[in-house]
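Asks: I'd like to ask some things about the structure below.
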Amino acid sequence: MGVNLRGRSLLTLLDYEPEEVRYLLDVSHSVKAERMTGNRHQRFQGMTLAMLFEKRSTRTRCAFETAFGEEGGHPVFLSNSDIQLGAKESVEDTARVLGRMFDAIMFRGFSQETVEMLADYSGVPVYNGLTDMYHPTQVLADLMTIEERLGDVRGLEFVYAGDGRNNMANSLMIGSALMGMNCTILAPEGLHPEEELLKTVRSIAEDSGCEISVTSSREEAIPGADVIYTDVWASMGEEDKLKERIALLEPYRVDDEMLRQTDNPDVIFLHCLPAVKGNEVTFDVIEGPHSVVWDEAENRKHTIKALMIATLL
Ligand code: CP
Ligand code: NVA
């Protein structure tokens, strides 16, 4: 049986099987190739997408909006200050109304529960464009970018350095486990991933034949790394923690020394962006020859278009 994702939401990659992620990545590569050859389509003609934002966004908003709009669809941007959601109206009621008017909904905000409720009550596919807990569409772009540079991700050594319990660390562990890529979370003890999620991803990793490790030691994590990934030290909504995070995370900054420590001349550097240069990564690394962050940002659009093609058509 072939993979069929029609009508599906993407709330967390935990709901997806490895072959379904593989399928989304295959469609992403072909959507990108198509665009590069100037082959344009109108696959979303006559369709509508509600885009709900409680938090700021550059890449995710632009990826959804341009991917849907350039194929003839009508995306509608609704920020927290525009709609009743969270003010006068419950998530359930908002979801039921949007489900009557739109073909799909994307949500960026705080609570994972909100995006789950939107999916439960709207009756249309809902895409998680980032919550405090997960950022699944980002991981699709990350996997695509690694495949473009290094080929098959199975057996690669992926290291995430930084806040090991934020939405990116959580989602990258899941994506790695599904696709058979060894993943090490390098973080200070106070910022290690939640035990329960670790248990879940390790059981997925057992099936795909890879390992998910957690350590606070650079010496343990970095030698032999193929990919080094980092993210901001204070995510949206926790800006008040920045001072304490800087103190905790300074030893984990991605710098030239860390890249040398990999002893891998072909190591690549990824960051979901936006980056705070000088905090989680030095200017030299993000602007240097190992960095693939701009391809990664572009791939947000191709992977998001692929997701909507797979789930809506
Ligand atoms: N990586 C990412 O989600 O970027 P934005 O916050 O700009 O959408
Ligand atoms: N962890 C970051 C990711 C931004 C794309 C945040 O939530 O702010």
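The values are calculated or read from the model by the stated rules, or taken from the named source; none is laboratory data. It should be emphasised that the depicted structure is a prediction, and the values quoted were computed from it without experimental measurement. Heads up, the Cβs are rebuilt from the backbone with ideal geometry, glycines too, and the neighbour counts pull from every protein chain shown. With ligands, DNA and RNA removed, areas are computed over all heavy atoms of the protein, side chains included. Shrake-Rupley method; radii C 1.70, N 1.55, O 1.52, S 1.80 Å.
Asks: Looking at segment 1-151 from every direction and averaging, what is the projected area of its Cα convex hull in nm²?
Replies: 9.7 nm²
Asks: Roughly to the nearest percent, how much of the accessible area of segment 127-268 is carbon and sulfur, given a 1.4 Å probe?
Replies: Carbon-and-sulfur percentage of accessible area, whole number: 45.
Asks: At a threshold of 8 angstrom on Cα-Cα distance, excluding pairs fewer than six apart, so keeping six or more, what relative contact order does segment 1-78 reach in percent?
Replies: 30 percent
Asks: What net charge is computed for the residues neighbouring ILE286, neighbours being all others with C-beta under 12 Å from the C-beta of ILE286, Lys and Arg scored +1, Asp and Glu -1?
Replies: Result for the neighbourhood of ILE286: -4.
Asks: Place a +1 charge on the Cβ of each Lys and Arg in segment 86-210 and a -1 charge on the Cβ of each Asp and Glu, then give the dipole magnitude about the Cα centre in debye, rounded to the nearest 20.
Replies: The dipole magnitude comes to about 220 debye.
Asks: Working out 0.36 nm times the residue gap between HIS41 and PHE110, then minus their Cα-Cα distance, what length gain in nm do you get to one decimal?
Replies: Contour length minus Cα-Cα distance gives 21.4 nm.
Asks: Next up: With the crude spin-label approximation of a point 7 Å out along Cα→Cβ, what separation in nm comes out for ARG202 versus GLN84?
Replies: Output for this residue pair reads 4.8 nm.
Asks: Give, as a single signed number, the net charge of other residues whose beta carbon lies under 15 Å from the beta carbon of GLU211, with Lys and Arg counted +1 and Asp and Glu -1.
Replies: Overall, the nearby charge balance is -2.
Asks: All other residues with a Cβ under 11 Å from the Cβ of TYR16 taken together, and with Lys, Arg as +1 and Asp, Glu as -1, what is their net charge?
Replies: Spelling it out: positives minus negatives among the neighbours equals -2.
Asks: Continuing with the same structure: Taking θ = phi - 60°, what integer Hz values does the Karplus form 6.51 cos²θ - 1.76 cosθ + 1.60 yield along segment 141-158, in sequence order, with x for Gly and Pro?
Replies: Once rounded to whole Hz, the list reads 5, 5, 5, 4, 5, 5, 4, 4, 8, 10, x, 3, 7, 4, x, 5, 9, 9.
Asks: Mind running the shape call on segment 225-313? Use the C-alpha gyration tensor, a ≥ b ≥ c as the square roots of the eigenvalues: rounded below 1.5 for a/c, prolate if a/b tops b/c, oblate otherwise.
Replies: Oblate is the answer for segment 225-313, as a/c is 1.5 or above yet b/c matches or exceeds a/b.
Asks: Which of the trypsin sites (Lys or Arg not before Pro) across segment 87-117 are loop residues per DSSP, with 10 or fewer other Cβ within 10 Å?
Replies: For trypsin sites (Lys or Arg not before Pro) across segment 87-117 that sit outside H, G, I, E and B with at most 10 neighbouring Cβ atoms in 10 Å, the list reads LYS88.
Asks: Further, regarding this structure: In percent, how large is the relative contact order of segment 158-313, given Cα pairs closer than 8 Å and 6 or more residues apart?
Replies: Over segment 158-313, the number comes to 23 percent.
Asks: Could you state the principal axis extents of the C-alpha atoms in segment 97-179, from the largest down, to the nearest angstrom?
Replies: So the extents along the principal axes, rounded to whole Å, are 45, 25, 16.
Asks: Around SER9, which amide H atoms from residues at least 5 apart in sequence, or from another chain, sit under 5 Å from its own amide H, with H modelled in the peptide plane?
Replies: VAL126
Asks: Count the lysine pairs in the chain that are 8 or more places apart or on different chains: how many have C-alpha atoms under 24 angstrom apart?
Replies: Number of lysine pairs found: 11.
Asks: Another question, if that's okay. Just want the answer: with Cβ charges of +1 for Lys and Arg and -1 for Asp and Glu, which residue in SER291, GLY278, LEU307 is farthest toward the dipole's positive end in segment 271-313?
Replies: Sorting the options by dipole projection puts first LEU307.
Asks: If amide H atoms are built 1.01 Å from N in the plane of the peptide, which residues on other chains or at least 5 residues away come under 5 Å of the amide H of PHE53?
Replies: Excluding prolines and chain starts, which carry no amide H, the hits are LEU78, SER79, ASN80, ARG108.
Asks: So for the chain, considering every pair of alpha-carbon atoms, how many percent are separated by more than 38 Å?
Replies: Counting every Cα pair in the chain, those more than 38 Å apart make up 11 percent.
Asks: Suppose the Debye formula is applied to equal point scatterers at every Cα of segment 256-298; what is log10 I(q)/I(0) at q = 0.13, 0.18, 0.20, 0.35 Å⁻¹?
Replies: -0.25, -0.49, -0.60, -1.35
Asks: Mind giving me the nanometre distance, one decimal, between the label points for GLU17 and ARG260, set 7 Å out from Cα along Cα→Cβ?
Replies: Simple spin-label model gives 4.8 nm for this pair.
Asks: What's the center-to-center distance, using Cα atoms, between segment 237-261 and segment 294-313 in Å?
Replies: After rounding, the separation between the Cα centres reads 30 Å.
Asks: Output wanted: per-residue J couplings in Hz (rounded whole) for segment 199-212, from phi through Karplus 6.51 cos²θ - 1.76 cosθ + 1.60, θ = phi - 60°, x for Gly and Pro.
Replies: For segment 199-212, the Karplus curve yields 4, 5, 5, 5, 6, 5, 5, 4, 5, 8, x, 9, 10, 10 Hz.
Asks: In segment 52-190, with Lys and Arg counted as +1 and Asp and Glu as -1 at Cβ, which of these residues, MET179, LEU156, ILE146, has the Cα nearest the positive end of the dipole, that is, farthest along it?
Replies: ILE146
Asks: Once you compute Rg and the Kirkwood Rh from C-alpha atoms, what is the Rg to Rh ratio for segment 1-76?
Replies: Answer for segment 1-76: 0.98.
Asks: Using a Förster distance of 25 Å, how high is the FRET efficiency between ASP120 and PHE77, based on the Cβ-Cβ distance and rounded to 0.05?
Replies: Approximately 0.60, to the nearest 0.05.
Asks: Let me ask something else. Would you mind working out the magnitude of the charge dipole of the chain relative to its Cα centre, with +1 at each Lys and Arg C-beta and -1 at each Asp and Glu C-beta, to the nearest 20 Debye?
Replies: The dipole magnitude comes to about 1180 debye.
Asks: Can you pull the Rg over Rh of segment 156-313, Cα-only, Kirkwood?
Replies: A ratio of 0.96.
Asks: Note down the magnitude of the dipole of segment 188-278 about its Cα centre, charges +1 on Lys and Arg C-beta and -1 on Asp and Glu C-beta and zero elsewhere, to the nearest 20 debye.
Replies: 260 debye
Asks: Going by amide H atoms built from the backbone, whose H comes under 5 Å of the H on HIS74, apart from near neighbours?
Replies: Close amide H contacts, sequence-distant or interchain: MET47, THR48, LEU49.
Asks: Keeping every protein chain in place, order CYS62, CYS272 by accessible area at 1.4 Å, biggest value first, i.e. largest first.
Replies: Heavy-atom accessible area, descending, gives CYS62, CYS272.
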